Every structure is written in structure tokens, then in C-alpha cells.
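Each remark here refers to the structure printed beneath this line.
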Amino acid sequence: MFSLLSGCFEFMLRKEELHILIVGLDKAGKTTLLERLKTLYTDVPGLEADKVLPTVGLNLAHFEALGTPLLCWDVGGASGLRGIWSKYYGECHALVFVVDAADRQRLEEAKLALDRALGDRDLYGAPLLVLANKHDCEGAASPAEVAEVFGVGKLPDARACSVQAVTARTGEGVKPAVQWLVEHIKKSQRPELIRRRMLAQ
Ligand SMILES: Nc1nc2c(ncn2[C@@H]2O[C@H](COP(=O)(O)OP(=O)(O)OP(=O)(O)O)[C@@H](O)[C@H]2O)c(=O)[nH]1
Ligand SMILES: [Mg+2]
């Protein structure tokens, strides 16, 4: 009886883990970002940028930020792998779309990939954070330019959106981005929606 009660108590006190899905075109810098998150938030440093290889499947990172446990899924962005993204839509609390802001020629392709993702009902209400990565590169598009190309702010459904500049290689801008995510997930309907979905299974 005691172990049942203490188990219930422990369950009630357990902090809910938030799931962040990181997608974007190949070479946008998603895995470099994931490794940087490990370095910034855990005792075990992530890989250095020059050791990161193109992702064929999925990479994971678990860490705690602002007192909240986070689980990040980084899925490969090569065109043949983008079909896998949707497997994670139903269970993610927020979507991070990483864009190579230095590669202006692929901004339109990135916009199409994002539009396709946002058209999926399983992402309903999930906060969207677009990260304009490679801010260290000369001539990189600013968050305002990326927002303009992507039409962020004109999105039809009610979801929190932000476009922020980061440099995954150095970590610049990464902590404010994580703060935005945690705050906006908690304000959104998404945790409740996912809880209900899990109970219905
Ligand atoms: N200059 C600069 N280069 C970066 C930055 N972030 C990533 N890169 C480089 O961009 C290239 C691609 O990075 P990855 O992290 O492998 O990109 P990805 O989005 O995970 O690519 P896929 O796994 O193929 O989907 C690598 O050469 C990185 O070193 C950055 O902030 N600045
Ligand atoms: Mg990768």
C-alpha cells in the first residue's frame, strides 16, 4: 500500500518532459545545433561542428533547461528523409525549423518544406520556432528577411511563432531560443492535447 501511494506521489511530482522536433533542409545545421544543446545544457559536451555527419535517421538529446526536462528529436533533412518528419508530429510539443540563412538560394525550398509540415493536422497548436542559422556567415538573411519569405505572421492557424537568429557552431542565440520554446509550450494548449491523446491510446 505504501509503495502504491509513494508511486502515485512520485508520479504526481514528476516533471513533464517536453518534446521538441527539429527539422529543416539538409545541411541547415540541425545536428550541429543538437550537439551545441548538449554542450550548453549537459555535463557531457556534444560533438564539435567539424565531427558532425549528415543524418540518415534520427538523433536525440535529453537535457533540462529552466527546470524543465526536454527531449529533442533531430531528423535528417535530405529530400528522401523528409517523409519521416510526420511520424513525430503527433507527439511533439513544439516544432523547430532550422534554416541555413546563408543559403538564400534554398530559402524558397525551405519555405515549401515548412508549409508542407504546417499543413499536417497532427501539428495543430504546436509553437513554431524558425531558427535562421549560420548568423556568423557574411550576408546571412536576417530573421526579418526569413520571416518575410516564409510568411510567418500570416500563418492561418493560431500558433505562437518566432523567427530568431542563431549560430549553432558557437551557440550564439541558442539559450534565448530555448527559453522562448519552454515559455511558449507551457502557454500553449499542446501539453494538454498530447496528454489527452496519450490517455486515449
Ligand atoms: N558557418 C556555420 N556553419 C554551420 C553552422 N551550423 C552548422 N554549420 C555547418 O553546416 C553543415 C551542415 O550541418 P549539419 O548540422 O550536419 O546539418 P543538418 O541540418 O543536420 O543536415 P542533415 O543531417 O543532412 O539534415 C556543416 O558543415 C556544419 O559545420 C553555423 O552556425 N555556422
Ligand atoms: Mg543532421
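The values are calculated or read from the model by the stated rules, or taken from the named source; none is laboratory data. Given the structure is predicted, the values throughout are model-derived calculations rather than measurements. Remember, those area values only see protein heavy atoms, side chains included, never the ligands or the DNA or RNA. Shrake-Rupley method; radii C 1.70, N 1.55, O 1.52, S 1.80 Å.
A few remarks follow.
- Accessible surface of the chain [probe 1.4 Å, protein heavy atoms]: carbon and sulfur percent: 57
- Cα-based values for the range 32-122, radius of gyration first and Dmax second, are 14.2, 39 Å.
- Normalised per residue, the accessible area of the range 15-200 is 49 Å², obtained with a 1.4 Å probe and no contribution from ligands, DNA or RNA.
- For the chain, alpha-carbon Rg over 2.2 N^0.38 Å: 1.04
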